[in-house]
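> Handing you a structure now.
The values are calculated or read from the model by the stated rules, or taken from the named source; none is laboratory data. None of the values given here were measured: they were computed from a predicted structure. Here the Cβ is made from the backbone with ideal geometry for all residues, glycine too, and neighbour counts use every protein chain on show. For accessibility, only protein heavy atoms count, side chains too; no ligands or nucleic acids. Shrake-Rupley method; radii C 1.70, N 1.55, O 1.52, S 1.80 Å.
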Amino acid sequence: MNLEELTGLPPGATDHFRGEGIEELYPPQAEAVEAGATDGENLVAAVPTASGKTMIAALSMLSAVQRGGKALYIVPLRALASEKKEEFEAYEEFGVTTGVTTGNYESTDDWLATKDIIVATSEKVDSLVRNGADWLSELTCVVSDEVHLIDDRNRGPTLEVTLAKLRQLNPGMQVVALSATVGNADEIADWLDAALVDTDWRPIDLQMGVHYGNALNFDDGSTREVPVEGSEKQEAALVRDILQEGGSSLVFVNSRRNAEGAAKRLGQVSSREITEDERAELADLADDIRDDSDTETSADLADCVERGAAFHHAGLSSTQRSLVEDAFRDRLLKVISATPTLAAGVNTPARRVIVRDWRRFDPSAGGMAPLDVLEVHQMMGRAGRPGLDPYGEAVLLAKSHDESEELFDRYIWADPEPVRSKLAAEPALRTHVLATIASGFARTRGGLLEFLEATLYASQSSEAGRLESVTDDVLDYLERNDFIEREAPRASGRSSGSPRERERDSSGDEADGSNDGPFTSAADLAEQQAAKREETLEATSLGHTVSRLYLDPMSAAEIVHGLERADERPTALGLYQLVSRTPDMYELYLRSGEDEQFGELFYEREAELLGDAPSEYEEDRFEDWLAALKTGKLLEDWAEETEEETITDRYKIGPGDLRGKVDTAEWLLGAAESLAAEIDSEWTVAVREARARVEHGVGEELLELVSVGGVGRKRARRLHDAGIEEPADLRTADKGVVLSVLKGEKTAENILENAGREDPSMDGVEPAGIDVDGADTGDSNSGDKAAAAQTESDDSQSSLGDF
DNA sequence: TGAAGTTTTTTATAGACAGCATGTC
DNA sequence: CTATAAAAAACTTCA
């Protein structure tokens, strides 16, 4: 199908696409258009990665906008949100505007309401639905990218429920679901009342194969010699082989350590194939990486990068991740070894993809479990850049002939697994049931069940009554914790109930008519059931707060109980441990030996912890408690200005993990603050302070200073050491002192200006000797020395409790 | 006896969304 | 119940 044949797009859109070099639609795209993508028809497109799924979405959204509507594009990752934003912002040249909203992107409701296309993560959309954003009801088109993630145990239910709610909110709305090729795209299409485009067509050839011995055997029967020389590993041979043709490669492994180890070894391969110019650019890139964070992980990464290789996993900071991704796309980096982060994330194609490890440690399976076919296909789909590579190659590694055969059967010839809803899992249900009640989507038990019936879970579930019984358990839990109130309807049974639920009544009792059998007991039962369906559900004020804050109700319950139990003002550590033991905090596991170490810490500081510790004899629960204490201690270290490197070293985590923990704690403590206010706790201020300390990573005495723009944890400490204790001091302090503390004139001027000083200019000011003004604390150390001293004294990792 | 080299045992294991109100070194 | 790499420990070798 030719671009000219498209109708219903905004004027200028066709020219825009032609400007991008698009003349003709790919077959799946044409098929989507024929199925009504540009006419507002529902559509499920199950096509491989990089086969132009975004174009299908774009055509649907643009035609919807042209008809005067508004479109929403749901992505699974924040990184994808910014990627799509860049892409869609180009539409502004013909007058279609784009806005993004994710947890950390700035966005206000009125601002979004003016945009034609909005990009958001599924959680953010869920939150918007809960908080009743007005513009949601103006949507005429919703695109859900990577919809197969409904299968994900943690985040799938959110997407599923969100889609169901959006559909209930806007009955005529177009739904376009983009999926990887999965086993049951037809079921998803059924659920969404959508047409189905299901194909494995790809714009460039993808050859899949298995490397064994010295040969690479492809699925089309062809073979390529790739000899393994000397003691090198298979992946090294494969990387070298394709690099000599000028192609880069992507190696998927199953652990962070393996990713780092492989990158180190592959650096020896890649460093032989880079030019002098590239070497210089790589050195710059390595410096950028070192600048971002001075931890061991960064240093290792920088060392690899200098040789043209890199590793990629969630322990990297987001800056480092995008530096690596960009450099790889620019062909500067020749090879990346990565954990599966990269397969799901932003687009980073390579000529050759090597799936080295196809098994992964899975505690629930009791050991190593094979990866899903879907997952391996997602990785393999990263092979080949349309228009740039002649073809893509995806290679699995086998160590024996048998394994080679197994890999062909298991992954290359195999179809991906079907997508199964995970909504019935209790943690998911408890969150979404509360949200559904709080946002007024359901006001009776029957209404709730009716809503749940519209989910994929219900359409896939064969086990009758399962959803209902789990729902009842969840309702009990929510009522027990004071999040909802339930009220039985008046005994008369068939009365119409309260006025506001009348709207639901007509559809809520459809099953009853057939029950007028001769046996009164059956009729009684039916009546009882009908009565139960009319039970009213209402969120309490606390329940509304929990739902609005986007907390797991269980987290909220834990925090509320913890605060209620506190007789004295809680310490920072107490609060950090409290939020760390909620299910919303991603767990930090205890390593061997650490149970003892943290057991000791526990006895030392038991009094600070909120609520009752589980008995030591309940091993599992006690261990969880200690694990939370470990996380809490990490946060306390951070809030006591411990160096980043000391922390990453002590807890054996990457810089990205530290940021992640701090972010989550900040969010949870913010929520805890609202909860404290809600229950009239007297510790609201303590919570706020603990949150502020985590946010900035500083001690209590620096909180005022860090509120000045341009002053972070390090500068604040140095200023404080120099006797400048609060923003007001900055306005009167001797400029020489300020300059010597802050280094750099521009920084100093900028900070003084932010502090509201009238004459921030540093012209002609000489730095004063630092020890001139240390009088206040009697401590003449510069911040540098103090920081250095701290690092040194922290070197003994074995005793955590002694500072 | 002790440094250096080799084999065996032990150990550990992926990912990352959200509130709210603005900005690190 | 499954794997694998790296680190640590145990053991061997040789001057």
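> Give the calculated FRET efficiency between A:Gln529 and A:Asp186 to the nearest 0.05, with a Förster radius of 45 Å applied to their Cβ-Cβ distance.
Plugging the Cβ-Cβ distance into 1/(1 + (r/R0)^6) gives 0.85.
> Which FRET efficiency value, to the nearest 0.05, is calculated for A:Gln244 and A:Asp277 with the Förster distance at 25 angstrom and r the Cβ-Cβ distance?
Rounded to the nearest 0.05, the efficiency is 0.85.
> State the Cα centre-to-centre distance between segment A:232-293 and segment A:345-371 in whole Å.
19
> What is the extension gain from A:Asp362 to A:Glu417, computed as 0.36 nm multiplied by their sequence separation minus the C-alpha to C-alpha distance, in nm to one decimal?
Here the segment from A:Asp362 to A:Glu417 would lengthen by 18.0 nm.
> Run the simple label-point estimate for A:Glu468 and A:Thr732 please: 7 Å along Cα→C-beta, distance reported in nm.
7.4
> How much length is gained on full extension from A:Trp135 to A:Asp330, taking 0.36 nm per residue of separation minus their Cα-Cα distance?
Once the chain is fully extended between A:Trp135 and A:Asp330, it gains 66.3 nm.
> If each residue of separation counts as 0.36 nm, what is the full-extension length gain between A:Thr114 and A:Arg621 once their alpha-carbon separation is subtracted?
Taking 0.36 nm per residue and subtracting the Cα distance, the gain is 177.6 nm.
> With charges set only on the Cβ (+1 for Lys and Arg, -1 for Asp and Glu), what does the dipole of segment A:373-475 come to about its Cα centre, in debye to the nearest 20?
Its charge dipole is roughly 580 debye.
> Using 7 Å Cα-to-Cβ label points, what is the A:Ala425/A:Glu564 separation (nm, one decimal)?
A separation of 2.8 nm, rounded to one decimal place.
> Counting only heavy atoms of protein chains, what accessible area per residue, in Å², does chain A have with a probe of 1.4 Å?
44
> Taking the Cα centre of chain A as the origin, how large is its charge dipole in debye, to the nearest 20, when only Lys and Arg (+1) and Asp and Glu (-1) carry charge on their Cβ atoms?
Its charge dipole is roughly 1240 debye.
> If I take the Cα coordinates of segment A:42-200 and project them onto the principal axes, what are the three extents in Å, biggest first?
40, 33, 30
> Among A:Gly611, A:Gly599, A:Leu563, which residue has its Cα positioned farthest towards the positive end of the charge dipole of segment A:551-697, with +1 placed on the Cβ of Lys and Arg, -1 on the Cβ of Asp and Glu, and the dipole taken about the Cα centre?
About the Cα centre, the residue reaching furthest to the positive side is A:Leu563.
> Something else now. Set the Förster radius R0 to 51 Å, insert the Cβ-Cβ distance between A:Ser400 and A:Glu766 as r into 1/(1 + (r/R0)^6), and round the FRET efficiency to 0.05.
Once the sixth-power term is evaluated, E becomes 0.10.
> Calculated from DSSP H runs of 4 or more alone, at -39500 (n - 2.57) each and per residue, what is the 222 nm mean residue ellipticity of chain A, nearest 500?
That calculation yields -14000 deg cm²/dmol at 222 nm.
> Kindly provide log₁₀ I(q)/I(0) values, in the same order as q = 0.11 Å⁻¹, from the Debye equation applied to equal alpha-carbon scatterers of chain A.
The computed values of log10 I(q)/I(0) come out as -1.45.
> Which value in nm describes the separation of the simple spin-label points at A:Asp294 and A:Glu745, placed 7 Å from the Cα toward the beta carbon?
Label-label distance for A:Asp294 and A:Glu745, simple model: 2.6 nm.
> Calculate the all-directions average of the projected area of segment A:206-412's alpha-carbon convex hull, and give it in nm².
Answer in nm², one decimal: 11.5.
> Using the eigenvalues of the Cα gyration tensor, what equivalent ellipsoid semi-axes result for segment A:8-87 when each is taken as the square root of five times the eigenvalue, whole Å, largest first?
Ellipsoid half-lengths, sorted descending, are 18, 16, 15 Å.
> Restricting to bridges with both residues inside segment A:206-412, how much of the DSSP beta-bridge set is antiparallel, in percent to the nearest 5?
30
> Something else now. Ignoring any ligand, DNA or RNA, what whole percent of the accessible area of segment A:3-198 comes from carbon and sulfur when the probe is 1.4 angstrom?
43
> Which of the lysines could a cross-linker bridge to A:Lys743, judged by Cα under 18 Å and excluding same-chain residues fewer than eight apart?
A:Lys714, A:Lys735, A:Lys785
> Another question about this same structure. Which pairs break 18 Å Cα to Cα here: A:Lys84/A:Lys115; A:Lys70/A:Lys115; A:Lys422/A:Lys532?
Long pairs (Cα-Cα over 18 Å): A:Lys422/A:Lys532.
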